[in-house]
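Please treat every number below as a calculation from the coordinates, not as lab data. Computed from a prediction, not measured in an experiment: that's the story for all the values here. Glycine also receives a Cβ, built like all others from the backbone with ideal geometry; neighbour counts cover every protein chain displayed.
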Ligand code: GP9
Ligand code: MN
C-alpha cells in the first residue's frame, strides 16, 4: 500500500548513489545491443582446456581497450534464473525469494522498465529476439508490461530438427536468422538477444563439439566447455556481421552472464576445473561470478574491479546513455560510481563486499577466503550492519513487486505503459 511506497522512496533517497560523471552520456544516442550469455560464468574468460582458449572471441572483447569489463560482477538470481536476471536488468528490481517474479507478476504489475525509459527519453526502438518459445517465463506478457515494442521468439524463425537443442535454436542459427530483423530495426535501437545453447545439461551435436569435454567425470559439468565454446563462436560470427554492416561503429554492446552454469552442488568438479585443492561455499560464490562488459568504439575501457551485481546494470547503462534516473524506483546504482557501497546482495540474504562475505550463515574475509569465526564486537557490529542493509534492500524490492507499488508512483516525465498497445504476433509485425 501507499505507506510501503513512502518507506521505499525514503530508502532510495537516503541510499541514492551519484553516477560517475566521467561516464555520463559517453554512449548517448548509440544503439544498445544487449547480449544475454546464457549460464556463462566469469571463470571461462581466459580459461584454457587442452591448451585451447574456450572463449577466444569473448577474451578478445574482454581485454579490448574500448571494452569496460568488470571482474567482480555477481549474478543475483533466485529460483527465477534467467527471468530474475531479466527482471533485474530491465527494472533494477530483484526477482523474488521463491518462484519467478516475471511469471507471477509480469502480466499484471505496473513497471517503468528500460525499453519504456529509452523510448520515451531518447526515441529508441525496442525489441527482444530469442530462439525459444515466447511463453517461456511468461515473456510474451511481461515484455508488454515492460513496454517492448517487438518480441521475436521462435515463431519468427525457421525451425528444423537439427536446428534446435534444449530450450531453443542453436545460437549460431539464432544469430544467423536474427540479422535480417536487426537490419530492419529503426535506429537507435535497444535490442536484447537471448542465447540458449550454453544451458544445462550442455548437450551439443557432435559436429559442433569443437573442443574436448573436460574430465571431471561429472557428466553434467564436462560438456560445459563445449557449449561455452560454441556460444563464443556464435558471438564471433555476430561481431564480424556487426563490423561488415558498420553497426559496430554506432552500437554500445552490453554482454552479461545471466547466472551460473555449474550450480553449487558440484564442488568436487568445480575444484578440478579451477585446479584447486579445497572448494567451499565461499569459493562457490566467487566461482559463480558472471561477466559484465560494455563494448563500444571509442569507449575508455579497461578492467574495473568494483563489486556490483545485476541489480546495478540499468542505472549504469542509463548513465552511459546520459539518461537521468534519480526519480525512478530502482534498487541498484551506477557500478562505476566512486560513492558505490559495493555491497552485492544475494537473493537468499548472503552478500559479498570487497572486504567481507556472508555465505550460508558463515562470514569470510573476501581477499583471503578465510572464515571469520570469532569476530570482535566492532567487527560483529560492522557485519550485522551490512547484513541489515542487504535484507532491507531485498525486502523493499519485494514490497514493490508484491504490492505492485509502481501503480502509485511514476516520474513526472514517465508515460504509464499500456500492455494492450503491443502485439507480438508475427503477422502483425
Ligand atoms: C528459456 C531460457 C533458459 O527460454 O531462457 O532459461 P533458464 O532455465 O536459464 O532460466
Ligand atoms: Mn539462464
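Structure data summary
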{"read-out": "Count of region 80-106 residues which are away from ligand 2 (no atom under 12 Å from the Cβ), without any contact (Cβ under 8 Å) to a residue 60 or more places away in the chain and farther than 26 Å from residue 324 by Cα", "value": "4"}
{"read-out": "From the options 303, 225, residue that is over 27 Å from residue 139 (Cβ atoms), surrounded by fewer than 21 Cβ atoms within 10 Å (Cβ to Cβ) and in contact with a strand residue (DSSP E or B) (Cβ under 9 Å, 6 or more places away or on another chain)", "value": "303"}
{"read-out": "Filter pass, residue 69 being touching a helix residue (DSSP H, G or I) at 6+ places or on another chain (Cβ under 9 Å), within 11 Å of ligand 1 (Cβ to nearest atom), touching a residue at least 12 places away in the same chain (Cβ under 8 Å) and not in a loop (DSSP other than H, G, I, E, B)", "value": "no"}
{"read-out": "Some residue of region 121-131 being without any contact (Cβ under 8 Å) to a residue 60 or more places away in the chain, out of contact with any strand residue (DSSP E or B) (no Cβ under 8 Å at 6 or more places or on another chain) and assigned to a loop (DSSP other than H, G, I, E, B)", "value": "no"}
{"read-out": "Condition check for residue 118: closer than 21 Å to residue 83 by Cα, in contact with a strand residue (DSSP E or B) (Cβ under 9 Å, 6 or more places away or on another chain) and within 16 Å of ligand 2 (Cβ to nearest atom)", "value": "no"}
{"read-out": "Some residue of region 17-30 being in contact with a strand residue (DSSP E or B) (Cβ under 6 Å, 6 or more places away or on another chain) and either within 16 Å of ligand 1 (Cβ to nearest atom) or in contact (Cβ under 8 Å) with a residue 24 or more places away in the chain (or both)", "value": "yes"}
{"read-out": "Single unsatisfied condition, residue 192 versus (1) farther than 30 Å from residue 360 by Cβ; (2) crowded, with 22+ Cβ neighbours inside 10 Å; (3) away from ligand 2 (no atom under 16 Å from the Cβ)", "value": "(3)"}
{"read-out": "Which listed residue is farther than 27 Å from residue 81 by Cβ and either within 19 Å of the chain's Cα centre (by Cα) or outside any loop (DSSP other than H, G, I, E, B) (or both), from 58, 5, 33", "value": "5"}
{"read-out": "Residue match in region 279-297 (condition: part of a loop (DSSP other than H, G, I, E, B), under 30 Å from residue 26 (Cα atoms), away from ligand 1 (no atom under 16 Å from the Cβ) and out of contact with any helix residue (DSSP H, G or I) (no Cβ under 6 Å at 6 or more places or on another chain))", "value": "yes"}
{"read-out": "Candidates 272, 288, 278 - the one that is surrounded by fewer than 20 Cβ atoms within 10 Å (Cβ to Cβ), out of contact with any strand residue (DSSP E or B) (no Cβ under 6 Å at 6 or more places or on another chain) and closer than 15 Å to residue 43 by Cα", "value": "272"}
{"read-out": "Selection from region 202-228 of residues that are under 15 Å from residue 49 (Cβ atoms), without any contact (Cβ under 8 Å) to a residue 24 or more places away in the chain and outside any loop (DSSP other than H, G, I, E, B)", "value": "none"}
{"read-out": "Test set (1) more than 16 Å from ligand 1 (Cβ to nearest atom); (2) farther than 22 Å from residue 247 by Cβ - residue 40 fails condition number", "value": "(1)"}
{"read-out": "Unique residue being within 19 Å of residue 93 (Cβ to Cβ), in contact with a helix residue (DSSP H, G or I) (Cβ under 7 Å, 6 or more places away or on another chain) and either in contact (Cβ under 8 Å) with a residue 60 or more places away in the chain or surrounded by fewer than 18 Cβ atoms within 10 Å (Cβ to Cβ) (or both) when the list is 359, 254", "value": "254"}
{"read-out": "Of residues in region 36-50 being surrounded by fewer than 21 Cβ atoms within 10 Å (Cβ to Cβ) and in contact (Cβ under 8 Å) with a residue 40 or more places away in the chain, the one nearest to residue 283 (Cα to Cα)", "value": "43"}
{"read-out": "Scope region 138-153; condition within 16 Å of ligand 2 (Cβ to nearest atom) and either part of a strand (DSSP E or B) or surrounded by fewer than 22 Cβ atoms within 10 Å (Cβ to Cβ) (or both); matching residues", "value": "138"}
{"read-out": "Filtered residue count, region 298-336, keeping only those that are within 22 Å of residue 192 (Cα to Cα) and assigned to a strand (DSSP E or B)", "value": "2"}
{"read-out": "Region 8-30, residues that are part of a loop (DSSP other than H, G, I, E, B) and over 19 Å from residue 191 (Cβ atoms)", "value": "15, 16, 17, 18, 19, 20, 24, 25, 26"}
{"read-out": "Number of the condition not met by residue 23 [criteria: (1) in contact with a helix residue (DSSP H, G or I) (Cβ under 7 Å, 6 or more places away or on another chain); (2) within 30 Å of residue 405 (Cα to Cα); (3) away from ligand 2 (no atom under 16 Å from the Cβ)]", "value": "(2)"}
